[in-house]
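See below for the structure under consideration.
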Amino acid sequence: MKVVLEGSHSVAEAVRLAKAEVISAYPITPQTHIVERLSDFCADGSLKARFLRVESEHSALAALLGAASAGVRTFTATSSQGLALMHELLHWASGARLPIVMAEVNRALAPGWNIWADQTDSLAQRDTGWIQLYCETGQEVLDTTLQAFRLAEHVSLPVMVVLDAFFLSHTYEPVDVPDRQEVDRFLPPFTPRFQLDTQNPCAFNQMVPPDAYMEMRRSIQDGMEEALCRFPELEREFQEIFGRSYGAIEPIGCEDAEIILVTSGTITSTTRELVLQLRSRGEKVGILKIKLFRPFPSEAIRKCLQNARKIAVIDRNFSFGAGGIFTQEVRAALCELSVRPVVFSFIAGLGGRDVTVSTLENIYMQTKEQDAPQQESIWVACGR
């Protein structure tokens with residue numbers, strides 16, 4: 001059924017269809033519409049879940065650690081400073097192998113105080129052991145949230161579904177909302193591999209001595225590797241039922257491209273428009289959209305980019321002292337090639353600044369006209 005939905009409400013619809021059993025909520029702009037809509041669902045009975053109103057984002061995740069340990073399907077949402085406040089417990093969730101799903105609405109970190117889109121908040125948590133999936137459209141948000149529950153429960157790791165503030169979270173577009181029977185085929189009831197049970201007492205999260213700790217960390221890495229292998233299979237199953245798929249990466253016109261623009265999130269949609277225009281003028285240009293960031297699909301990215309002459313990575317994020325975060329990962333993926341394309345790093349759209357077709361065309365022309373980047377990271381439309 002086609003419905004015009006706000007991006008945040010696409011998340012909420014997916015959580016309703018997934019039959020989440022415990023939802024923790026602490027409002028923070030711009031994710032508030034997600035938990036508000038879920039509160040409505042719980043109030044009108046369309047979602048039979050325990051809705052927990054907590055006093056902070058730290059408590060929101062702490063509550064789900066307990067609920068997930070008891071073996072129920074769980075969900076929360078956050079943004080920016082709220083995600084930063086959760087940092088300690090993000091490690092607890094992955095270390096305990098709990099399949100929690102969280103919508104993370106990308107918002108710039110303060111100071112200065114800013115409520116607009118910026119991926120640095122989620123990417124700052126890239127080493128916490130959470131799977132991260134970046135979305136471009138409202139439809140992809142709904143579909144990815146359903147996939148996140150299935151993936152999290154299969155590999156016993158938590159998953160972030162990441163979407164841009166306002167450009168996606170507060171934008172309305174037509175979304176195909178599947179019926180309950182289709183979702184039930186794809187996402188059966190959660191059967192925990194282990195859980196707190198008074199009939200079978202056991203202890204969780206105890207002190208771990210040196211002769212076991214490394215094995216536990218390696219187990220998390222095994223789960224990440226399993227997720228990377230499992231994701232294409234999961235997408236094939238999703239496509240069979242719903243007729244849609246996205247891929248860990250999406251190459252667009254890369255087969256003969258001399259220059260490839262690497263994007264994620266909603267900047268991809270604008271880049272699609274630019275590439276159509278450039279292709280009509282005979283330019284050999286393509287797009288590589290990265291959806292799955294953790295685990296990072298290095299091999300697939302390497303195969304897609306290896307024949308291009310130049311790569312322009314557009315980062316709506318920055319790691320101070322190092323550069324654009326997607327750029328770092330792409331360069332690492334390419335380093336095994338004996339002949340590598342030249343990689344240009346562009347920083348754009350921080351704090352919600354517009355990234356227009358004109359902005360992207362300027363990025364393309366700089367990449368085309370220069371033999372090599374003149375600086376480590378090129379700050380686009382920046383006054384300094």
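The values are calculated or read from the model by the stated rules, or taken from the named source; none is laboratory data. Owing to the predicted nature of the structure, the values given are computational and were not obtained by experimental measurement. Cβ sites come from the backbone with ideal geometry, for glycine too, and all protein chains shown count toward neighbours.
Every condition in (1) at pLDDT below 95; (2) aliphatic (A, V, I, L, M); (3) touching a Phe, Trp or Tyr at 6+ places or on another chain (Cβ under 9 Å) is met by LEU5 except one, and the failing one is (1). Which count do you get for residues in the range 297-336 that are of a type in the set (Gly, Ala, Ser) and more than 22 Å from ALA227 (Cβ to Cβ)? Total meeting the criteria: 7. Only a single criterion out of (1) under 30 Å from THR198 (Cβ atoms); (2) of a type outside the set (D, E, K, R); (3) out of contact with any Ser or Thr (no Cβ under 7 Å at 6 or more places or on another chain); (4) surrounded by fewer than 23 Cβ atoms within 10 Å (Cβ to Cβ) is not satisfied by LEU52, namely (3). Among the conditions (1) in a loop (DSSP other than H, G, I, E, B); (2) touching a residue at least 12 places away in the same chain (Cβ under 8 Å); (3) over 29 Å from ARG281 (Cα atoms); (4) of a type outside the set (Phe, Trp, Tyr), PRO373 misses just one, which is (3).
Out of LYS284, LYS291, which single residue is basic (Lys, Arg) and within 22 Å of ALA117 (Cβ to Cβ)? Walk me through it before giving the result.
Details: LYS284 fails: within 22 Å of ALA117 (Cβ to Cβ).
Exactly one of LYS284, LYS291 is basic (Lys, Arg) and within 22 Å of ALA117 (Cβ to Cβ), namely LYS291.
The set of residues in the range 334-358 that are free of Cβ contacts under 8 Å to residues at least 60 places away in the same chain, closer than 15 Å to ILE267 by Cα and in a helix (DSSP H, G or I) contains only SER358.
Does PHE326 satisfy the criteria of being closer than 22 Å to TYR134 by Cα, of a type in the set (Phe, Trp, Tyr), surrounded by fewer than 17 Cβ atoms within 10 Å (Cβ to Cβ) and assigned by TED's automatic domain parsing to the domain that holds THR263?
On the way: closer than 22 Å to TYR134 by Cα: yes; of a type in the set (Phe, Trp, Tyr): yes; surrounded by fewer than 17 Cβ atoms within 10 Å (Cβ to Cβ): no; assigned by TED's automatic domain parsing to the domain that holds THR263: yes.
For PHE326, the condition - closer than 22 Å to TYR134 by Cα, of a type in the set (Phe, Trp, Tyr), surrounded by fewer than 17 Cβ atoms within 10 Å (Cβ to Cβ) and assigned by TED's automatic domain parsing to the domain that holds THR263 - is not met.
Scan the range 284-313 for residues that are of a type outside the set (Phe, Trp, Tyr) and touching a residue at least 60 places away in the same chain (Cβ under 8 Å) and jot them down. Walk me through how you get there before you give the answer.
Filtering the range 284-313 down to residues of a type outside the set (Phe, Trp, Tyr) leaves 284-292, 294-295, 297-313.
The answer is VAL285, LYS289, ILE290, LYS291, LEU292, ARG294, PRO295, PRO297.
With respect to the conditions (1) surrounded by 16 or more Cβ atoms within 10 Å (Cβ to Cβ); (2) in contact with a strand residue (DSSP E or B) (Cβ under 7 Å, 6 or more places away or on another chain); (3) more than 23 Å from ARG126 (Cα to Cα), VAL355 lacks only one, and its number is (2). Looking for something in contact with a strand residue (DSSP E or B) (Cβ under 7 Å, 6 or more places away or on another chain) and β-branched (Val, Ile, Thr) - is there at least one such residue anywhere in the range 172-182? The answer is yes, given that some residue of the range 172-182 is in contact with a strand residue (DSSP E or B) (Cβ under 7 Å, 6 or more places away or on another chain) and β-branched (Val, Ile, Thr). Just one of (1) in a strand (DSSP E or B); (2) among the hydrophobic types (A, V, I, L, M, F, W, C); (3) more than 22 Å from ASP118 (Cα to Cα) fails for TRP92. It is (1).
Can you tell me which residues in the range 70-88 are in a helix (DSSP H, G or I) and surrounded by fewer than 19 Cβ atoms within 10 Å (Cβ to Cβ)?
Applying the first criterion (in a helix (DSSP H, G or I)) to the range 70-88 yields 80-85, 87-88.
Listed by number, the residues that qualify are GLN81, ALA84, LEU85, HIS87, GLU88.
Among the residues of the range 314-333, how many are over 18 Å from the mean Cα position of the chain (by Cα) and either assigned to a strand (DSSP E or B) or under 14 Å from ARG126 (Cβ atoms) (or both)?
Here the count works out to 3.
The condition (being of a type in the set (A, V, I, L, M) and within 19 Å of GLY223 (Cα to Cα)) is satisfied by just one residue among LEU89, LEU64, LEU83: LEU89.
Would you check if there is a residue in the range 266-280 being within 30 Å of GLY129 (Cα to Cα) and assigned to a strand (DSSP E or B)? No; the residues of the range 266-280 include none that is within 30 Å of GLY129 (Cα to Cα) and assigned to a strand (DSSP E or B).
Which of the residues belonging to the range 14-50 are in a loop (DSSP other than H, G, I, E, B), among the polar types (S, T, N, Q) and free of Cβ contacts under 8 Å to residues at least 40 places away in the same chain? If you could, list the steps in order and put the result at the bottom.
Narrowing the range 14-50 to residues in a loop (DSSP other than H, G, I, E, B): 18-21, 26-31, 45-49.
Within this subset, residues satisfying the condition of being among the polar types (S, T, N, Q) are 29, 31, 46.
Correct list: SER46 only.
Looking at LEU163, LEU142 in this structure, which one is under 20 Å from THR74 (Cβ atoms), outside any loop (DSSP other than H, G, I, E, B) and out of contact with any Leu (no Cβ under 9 Å at 6 or more places or on another chain)?
LEU163
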